[in-house]
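J.: Below: one structure in C-alpha cells.
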Amino acid sequence: MTIPGFGKFKNWLAGNVEADTTDIVMYDRTLVWMILGLTVIGFIMVTSASMPVGQRLAKDPFIFAQRDAIYLGLCFFLSLITLRIPMAFWQRYSYVMLFGTIMMLVVVLFVGSSVNGASRWVAIGPLRIQPAELSKLSFFCYLSSYLVRKVEEVRNNFWGFCKPMGVMIALAILLLAQPDLGTVIVLFVTTLTLLFLAGAKLWQFLAIIGCGIFAVCVLIIAEPYRIRRVTSFLNPWEDPFGSGYQLTQSLMAFGRGDFFGQGLGNSVQKLEYLPEAHTDFIFSIIAEELGYFGVVLVLAMVFFVAFRAMMIGHWALQLDQRFSGFLACAIGIWFSFQAFINVGAAAGILPTKGLTLPLVSYGGSSLIVMSTAIVLLLRIDYEVRLAKAQAFVRSPK
C-alpha cells in the first residue's frame, strides 16, 4: 500500500536524493505560513522602524534592514541543515550543548562587548553572538533529555525535581552577572511549567514559585535601575522625561495608532523619540503604523505558533517520543511567554525588560536561535507524522 505524498519529503529529510514523486503532506503547512508571515512582518517593521537611527549612525537608513536580511538568509541556510538532523541527535548531544553554552557565558563576562551597560555579546569577526539567547535552547534540550530519563524521579522525589532547577540556577547566576534578568525569568517560568507538565507535585511547584518570586524581588531591590523600572512602570507619567520616558513614548505610539494606524512608514515615535524602536519596542511601532488590526493580527499569529507547538508536543508524547514532546512544549512555552513579556512591556502592563519579540524584533542571535527552535518544531512534527504514517501502513486493512 502506498501513501500519497510521503516519499519525496521523507527522503529529502533523510538525505536520500532518490526521492519519490508522491505528495503526502509530512509537515504542518499552516504553521509554516504563520512562521513566514511573522518573519515577513518583522522584516518590514524593522526596515520601517530603524531608518531614522540608521541614518544617524551610519548615514544609511537601510543599514539595519540589510543586516536583518543577512541574518534571515543565514537563518534559512541553517534551517535547511537543522531540518535534516533527527531529534535523536539533539537528545544525545544536549549535554555538550549545555556545557558549551556555560563556557560561552563565562567567556562573555571577561571578553564580552558592552552595550548600554550590559556585557552580553561575544564578537567573532563581523558577527556578535549573544550566549544568553543560546542558553535558552541548549537548556531546554538538556531539560527535555533529563525528563526522558528521570520523569518518574521528578514525579515522586523532591530531589529529582530540584536537580534541573539547580542547573537553571547556575545558568541564572552567570546571566545575572551580565546582567540579564529577562532571560533568567524566561528560563525560570519555562522550566517550572515544563516540570509541572511532566507531573511534578503541586506543592513542589508552588514552593519553587514562592522562592522564585522572593528571589526576583530581592534582585529588583538590589539594583537601583531595576527599582526605577518598576516604579516608572506603575506610574510612567510621574516622570515622563526621566525614568518613565521610554514607556510614555511607547504609550503615545499605541494611542496614535487607533484602529487602522497611521500607515506603514508614518510613525512619529520612531523618529528617535522612542529608544530601541526596532528592537525591544518594535511592537509599539506596529501599533502606531498598523493600528489595532495590526496588533491583533500579530498576536493571533504568535498565539497560533505557540498553540501548534503545544499540540505537536502532545502528539509526540502520545507516541512515546518523550524528548521531542517535552522539547516542543518547552519551545511553545518559551515562545509565548517571551512574546507576552515583550508586548506587556510595550503596552505598560509589565515592567520594561530587554527581551525581543520572537521572529519580529531586530537581533541576529535572537533571530537565529528562535528560528532554529521553530525548525526543530517542524522536525518534531515531521517525525510524529512519519510514525503515524508507518503505523497506518503496517496496520491490517
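J.: Of the heavy-atom accessible surface of the stretch 57-110 (probe 1.4 angstrom), what whole percent is carbon and sulfur? Present the calculation step by step, with values, prior to reporting the outcome.
T.: Details: 2510 of 3280 Å².
So the carbon and sulfur contribution to the accessible surface is 77 percent.
J.: Continuing with this model, one more query. What part of the accessible area of the stretch 140-202, given as a whole %, is carbon or sulfur when the probe is 1.4 angstrom? Present the calculation step by step, with values, prior to reporting the outcome.
T.: Numbers: 1530 of 2210 Å².
Carbon and sulfur: 69 percent of the exposed surface of the stretch 140-202.
J.: Same structure, new question: What are the semi-axes of the equivalent ellipsoid of the chain, taken as the square roots of 5 times the eigenvalues of the Cα gyration tensor, listed largest first and rounded to whole Å?
T.: 35, 27, 20
J.: Here's another thing I want to ask about it. Within the accessible area of the stretch 244-309, what % is carbon and sulfur when the probe is 1.4 Å and the other protein chains stay in place?
T.: Accessible surface attributable to carbon and sulfur in the stretch 244-309 totals 68 percent.
J.: Now for a different question. Going down the table (Lys59/Lys270; Lys201/Lys388; Lys136/Lys353; Lys270/Lys353; Lys163/Lys201), which pairs top 23 Å between alpha carbons?
T.: Result: Lys201/Lys388 exceed 23 Å.
J.: While we're here: Note the angle between two axes, namely the Cα long axis of helix 245-257 and the longest principal axis of the Cα atoms of the chain, as a number of degrees from 0 to 90, rounded to the nearest 10.
T.: Orientation of helix 245-257: about 70 degrees from the principal axis.
J.: Any chance you could look up the accessible area of Cys75 with a 1.4 Å probe, heavy atoms only, rounded to 10 Å²?
T.: Solvent-accessible area, nearest 10 Å²: 10 Å².
J.: Name the residues whose placed amide hydrogens come within less than 5 Å of the amide hydrogen of Leu350, ignoring near sequence neighbours (fewer than 5 apart) on the same chain.
T.: When sequence neighbours closer than 5 places are left aside, the close amide H contacts are Ala345.
J.: Relative contact order for the stretch 142-237 using alpha-carbon pairs under 8 Å, separation at least 6, rounded to a whole percent?
T.: Working: 44 pairs, mean separation 24.8, N = 96.
This gives 26 percent for the stretch 142-237.
J.: Rolling a 1.4 angstrom probe over the protein heavy atoms, how many square angstrom per residue are accessible across the chain?
T.: Normalised by residue count, the accessible surface of the chain is 47 Å².
J.: Here's a follow-up. For the ranges 362-375, 339-352, what's the packing order if you count other beta-carbon atoms within 10 Å of each residue, average per peptide, and put the highest first?
T.: Numbers: 362-375: 22.6, 339-352: 20.5.
Output ranking for 362-375, 339-352: 362-375, 339-352.
J.: Let me ask you something else. How large is the charge dipole for the chain, taken about the Cα centre, if only the Cβ atoms of Lys, Arg (+1) and Asp, Glu (-1) carry charge, to the nearest 20 debye?
T.: 960 debye
J.: Could you work out [θ]222 nm for the chain from helices alone, using -39500 (n - 2.57) per DSSP H run of at least four and dividing by all its residues? Round to the nearest 500 deg cm²/dmol. Working shown, then result.
T.: Values: 14 runs with 283 residues, N = 397.
After summing the helix terms and dividing by residue count, I get -24500 deg cm²/dmol.
J.: Please give the solvent-accessible surface of Lys388 in Å², to the nearest 10, using a probe radius of 1.4 Å with every protein chain present.
T.: 100 Å²
J.: Taking K and R as +1 and D and E as -1, what net charge do the other residues with C-beta under 14 Å from the C-beta of Ile333 add up to?
T.: +2
J.: I've got another one for you. So how do Ile380, Ile213, Ile44 rank on accessible area, 1.4 Å probe, biggest first, that is with the largest at the start?
T.: Final ranking, largest accessible area leading: Ile213, Ile44, Ile380.
J.: Ok, one more. What is the sum of charges around Ala316, taking Lys and Arg as +1, Asp and Glu as -1, for the other residues whose C-beta is under 14 Å from the C-beta of Ala316?
T.: Once all neighbours under 14 Å are counted, the net charge is +1.
J.: Please report the accessible area of Tyr292 (heavy atoms, 1.4 Å probe, ligands and nucleic acids excluded) in Å², nearest 10.
T.: We get 120 Å² for Tyr292.
J.: For the stretch 240-299, just say rounded, prolate or oblate: build the C-alpha gyration tensor, square-root its eigenvalues into a ≥ b ≥ c, call rounded for a/c under 1.5, and beyond that prolate if a/b exceeds b/c, oblate if not. Don't skip to the end; give the middle numbers.
T.: Details: a/c = 1.82, a/b = 1.79, b/c = 1.02.
Cα axes put the stretch 240-299 in the prolate bin.
J.: Of Ala132, Leu386, Met168, whose Cα points farthest to the positive end of the dipole of the chain (charges on the beta-carbon: +1 Lys, Arg; -1 Asp, Glu; origin at the Cα centre)?
T.: The Cα lying farthest towards the positive end belongs to Leu386.
J.: A further question on this structure: With springs only between Cα atoms under 10 Å apart, run a GNM on the chain and tell me which of Phe196, Phe110, Phe188 wobbles the most.
T.: For the chain, modelled as a Gaussian network with Cα springs under 10 Å, the answer is Phe110.
The values are calculated or read from the model by the stated rules, or taken from the named source; none is laboratory data. This one's a predicted model, so the numbers in the text were calculated from it and none came from an experiment. With ideal geometry, Cβ positions are generated from the backbone for all residues, glycine too; neighbour counts draw on all protein chains shown. Side chains are part of the model used for accessible areas, which takes the heavy atoms of the whole protein and leaves out ligands, DNA and RNA. Shrake-Rupley method; radii C 1.70, N 1.55, O 1.52, S 1.80 Å.
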